[in-house]
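These notes are about the structure you will find just below.
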Amino acid sequence: MRVRFILAAMLLVLFGGWGAQAQSEADAVKRVTVGMYINDIQAIDLRTHSYGVDFYLWFRWQGEDWNPAEGFELMNMFDPEGHVESTLYDEPQPQPDGSFYQIIRHQGLFSSKFPVSKYPFDSQRLLVTIEDSEEGAGTLQYVADTRPLVVNGEIKLPGYQMGQPYAVVRDKPYATAFGDLVEPDVSAYSRVDFIVPITRPVASGVFKSFIPVLLIVLAAAFALLLDPTHVEARIGLAITALLTLVAMQFTMQAGLPEVAYLTLLDQIYLLSYLYVLVVIGLVVWGTRTDERGDIQGSAGGDARLAKAGPRLAAGVTAVYVLAVLATVLVNLAG
């Protein structure tokens, strides 16, 4: 009986010690409440994957012997030399709950890689990421405020629609100790991602990108409707449509980043090139001249092909439109 009592007492002391140690480690973690108010968003540039943000960032924490507003770092700055930052209070302000409060205003360009595979129906994320530059996740943890991210309701982004903003708190692991021999262990750092999702309106993509291409394609189809004797006009109309497509694609790509994949718009242009080449091939195939340069009028297959312009134009255009619709649906579903 005495032995059982001694064993129970030893287990109680052992587990009690572990529990106290775990509680002590949990209490040692500094917790910082953070939030952001975005005052303005400017200069969204897909080509450079950059955008300008003017925001207020606040911190609340316990303890007057340290200040997390002095140790945080912005992790996705673009052109750091162009950033402007100011602290609203000379000293942290005490709060009714015993915590301390500091707020910072920051203006500058930030970067987040923009996927453009679905352009011109793309969706993007405007991101501002903060992380403590000194203490790891084992000693400092960010905590999202009640409303961690609020966006100025007066912000208008030409060409985009803003979604619901949100914040994500996570630990960012690093597979290196950055050469530090004093603390060689690999660790993670607490990080907050402030995210504003934006999307391009469907109507904008249709009328600005697809309708001009469709008009050029229809102009090329008119080459099949001309009388077979107007060889120069038929070829000239199709070639002009092809050159216009090439020039328009170069213009559209001027505002996009260089990527190794085909965007949705690139695929539409490739289908349009193929369409125009098919039209040119039909025109050439249906154009046969004799030694004097006159169109042959025999009742052979070439003559029938040359005079079947309206049916050819309707058939080829229908196939093109179906191919474009299938391409759009596949890309948007992916």
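From the list Val316, Val279, Val246, Val283, the one residue that fits, being modelled with pLDDT of 90 or more and either not in a loop (DSSP other than H, G, I, E, B) or not acidic (Asp, Glu) (or both), is Val246.
Close Cβ contacts (under 6 Å, 6 or more residues apart or on different chains) running from residues in region 246-259 that are closer than 16 Å to Leu271 by Cβ to residues that are surrounded by 11 or more Cβ atoms within 10 Å (Cβ to Cβ) and not aliphatic (A, V, I, L, M) comprise Gln249/Tyr269.
Where strands (runs of 3 or more DSSP E) sit wholly within region 79-180, those with at least 1 residues that are closer than 30 Å to Asp266 by Cβ occupy 100-111, 123-132. Cβ-Cβ distances below 7 Å connect the following pairs, each with a first residue in region 225-238 that is in the same structural domain as Ile280 (by TED's automatic domain parsing) and without any contact (Cβ under 8 Å) to a residue 24 or more places away in the chain, a second residue that is surrounded by 14 or more Cβ atoms within 10 Å (Cβ to Cβ) and aromatic (Phe, Trp, Tyr), and a separation of six or more residues or different chains: Leu237/Phe222.
Among the numbered conditions (1) among the small types (Gly, Ala, Ser); (2) out of contact with any Asp or Glu (no Cβ under 8 Å at 6 or more places or on another chain); (3) more than 30 Å from Ala323 (Cα to Cα), the only one that Ala219 does not meet is (3).
Note on region 52-108: residues that are under 18 Å from Ala144 (Cα atoms) and of a type in the set (Ser, Thr, Tyr) amount to 3.
Close contacts from region 135-153, counting a first residue that is more than 9 Å from Thr33 (Cα to Cα) and a second that is aromatic (Phe, Trp, Tyr) and at pLDDT below 95, with Cβ to Cβ under 8 Å and a gap of 6+ residues or different chains, come to Glu135/Tyr189; Gly136/Tyr189; Ala137/Tyr189.
Phe194 meets the stated requirement of being of a type in the set (Phe, Trp, Tyr), within 26 Å of Leu46 (Cβ to Cβ) and either in the same structural domain as Glu134 (by TED's automatic domain parsing) or touching a residue at least 40 places away in the same chain (Cβ under 8 Å) (or both).
What do you reckon, is Asp171 closer than 18 Å to Gln124 by Cα, among the charged types (D, E, K, R) and touching a residue at least 24 places away in the same chain (Cβ under 8 Å)? Answer is no for this residue.
The values are calculated or read from the model by the stated rules, or taken from the named source; none is laboratory data. Note that the coordinates shown come from a computational prediction; the quantities given were computed from them, not determined experimentally. Heads up, the Cβs are rebuilt from the backbone with ideal geometry, glycines too, and the neighbour counts pull from every protein chain shown.
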